[in-house]
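The values are calculated or read from the model by the stated rules, or taken from the named source; none is laboratory data. This one's a predicted model, so the numbers in the text were calculated from it and none came from an experiment. Because the Cβ atoms are built from the backbone with ideal geometry, glycine has one as well, and the counts that use them run over all protein chains shown.
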Amino acid sequence: MNKILYFLFFIAFIGGVTAQTKMSTQEAAVLKSKVKARADKTQFISSDFTQYKHLDFLSNDIESTGKLSFKAPNTVKWEYVKPFVYSVLFKGETLYINNEGDKSNVDMGSNKLFKELNTLVTSSIRGDMFKEEHFSITYFKKAKNSEVHFAPKDANLAEFIKTFQITFNSVGDVMEVKMIEPSNDYTQIVFSKRKVNKAIPDAVFAQ
Amino acid sequence: MRYLLSSICFLFLISCASYSKKNALVKEQINTVQVYNPYFSNEAKDYVYKADLQFYKRKFSGIIIIKKIAEKEHRLVFATEMGNKIFDFSFHQNEFKVNYVLGDMDKKIILNILQRDFTTLLKEYNTSTRTFSRESLNVKEAEVGNKRHFYFYENVGLTKIVRERKGKEKVVYHFLEIKDNIAQRILIEHKNIQLKIKLKGI
């Protein structure tokens, strides 16, 4: 009896693991071109998001919510509304911060790390991160969705992030981004009410 | 001339007077008493604060997360609002361990200040051999990391900790909006360097 239980448990476990299967090279190529074509046609994205900060030692993830606005080619605003009011705007060479009304900015031109961060943020929102020279990339199927893992090759970046995991829906939109740290703690951002190419007024991107 | 000399002597005496005397605190005649800081004492709770640090003209903001892991053990993480970790420390009895620190902050002088400030903030139990009082205020003197500290208790509970040296305040910890053993706002203010750490419970 015990053996049967063990066997069933084993099957269930395998089933759980195989719910996410690796893509063939061909399937990966299809996904890449789908996402790329979608990203090229994307002028605006607006979306709500929920961010979960997971630290292994905590009882609960820290949850925050906000709005994301994107304008091609690389203007991005992350606006947290709960449980604190805080926004960061990546625009041109400058990162504008509004911390509960206290405004400041960082010149990204002089800061390589911030520049890299902006590139990453922009490309992860659009999903267009398929650069083999910068990442070791693995493709998975997950029911109707796809999940792609990007492990940075750059040592500086690898010090912060072990892998980026992006989940795409069937049309190639980003549903979720998960950034896993070398310690396995992670930040997960889940998008909702995502609107593509609905014009966003310039005022949203004003400092 | 004699008058001048005696005024100088008087000024000297005043400036050398102890912290307790300067603040008109009256010494109480009792032996060892317990000093208790309840604000990070609940193992079941994740303490999450929006944090604003100001060091001279530089400002940093983010989230400070504190968790009591076990008896006499705390973990403290500072991360940006977007989730990137800036530092991650463990405090166990008198041991301090850096689990992670971002390159820019990895300087001994910075780590020493943070270690000292957070050791005092997180220390739950201590013992005092001298206590003072002034009206409803009760003050207990205790050592943290060989430095003299004064713990101020009012009706609402622990409202202030002062690190003192030669009669002067060096660092003041203010605990505000206290309810059910939680300080909703905490301010750590350095008097000899321009460093302020503001915490707001979220």
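If you take just the strands (runs of 3 or more DSSP E) that sit entirely in segment A:121-200, which of them hold at least 1 residues that are in contact (Cβ under 8 Å) with a residue 60 or more places away in the chain and more than 14 Å from chain B (Cβ to nearest Cβ)?
Filter on segment A:121-200 gives A:135-142, A:145-152, A:163-168, A:186-196.
Select from segment B:78-115 the residues that are closer than 25 Å to A:H54 by Cβ, assigned to a helix (DSSP H, G or I) and at pLDDT 90 or above and list them in ascending order. Write out each step before concluding.
Pass one, segment B:78-115, residues closer than 25 Å to A:H54 by Cβ: B:78-92, B:96-106, B:114.
Next cut, assigned to a helix (DSSP H, G or I) only: B:103-105, B:114.
Hit for segment B:78-115 is B:L114, nothing else.
Identify all residues within segment B:161-202 that are within 10 Å of the chain's Cα centre (by Cα), aliphatic (A, V, I, L, M) and over 15 Å from B:L114 (Cβ atoms); write none if there are none.
B:I161, B:V162, B:V172, B:L187
What about B:I69, is it farther than 25 Å from B:N146 by Cα, among the aliphatic types (A, V, I, L, M), assigned to a strand (DSSP E or B) and within 14 Å of chain A (Cβ to nearest Cβ)? Quick ask: steps written out before the conclusion?
Values: farther than 25 Å from B:N146 by Cα: no; among the aliphatic types (A, V, I, L, M): yes; assigned to a strand (DSSP E or B): yes; within 14 Å of chain A (Cβ to nearest Cβ): yes.
It is false that B:I69 is farther than 25 Å from B:N146 by Cα, among the aliphatic types (A, V, I, L, M), assigned to a strand (DSSP E or B) and within 14 Å of chain A (Cβ to nearest Cβ).
Counting only residues that are more than 9 Å from chain B (Cβ to nearest Cβ) and over 13 Å from A:P201 (Cα atoms), which one in segment A:62-71 is surrounded by the fewest Cβ atoms within 10 Å (Cβ to Cβ)?
Here is the first cut: in segment A:62-71, the residues more than 9 Å from chain B (Cβ to nearest Cβ) are A:63, A:65-71.
From what's left, over 13 Å from A:P201 (Cα atoms): A:63, A:65-68.
Numbers: A:E63: 12, A:T65: 14, A:G66: 21, A:K67: 16, A:L68: 18.
Here the residue is A:E63.
Looking for something under 26 Å from B:V48 (Cα atoms) and free of Cβ contacts under 8 Å to residues at least 12 places away in the same chain - is there at least one such residue anywhere in segment B:154-168?
Within segment B:154-168, the subset under 26 Å from B:V48 (Cα atoms) is B:154-163.
If we keep only those that are free of Cβ contacts under 8 Å to residues at least 12 places away in the same chain as well, we get none.
No, the conditions are met nowhere in segment B:154-168.
Assuming A:Y96 fulfils every condition listed in (1) part of a helix (DSSP H, G or I); (2) away from every other protein chain (no Cβ under 11 Å); (3) in contact (Cβ under 8 Å) with a residue 12 or more places away in the chain apart from one, which condition is it?
The one condition A:Y96 does not meet is (1).
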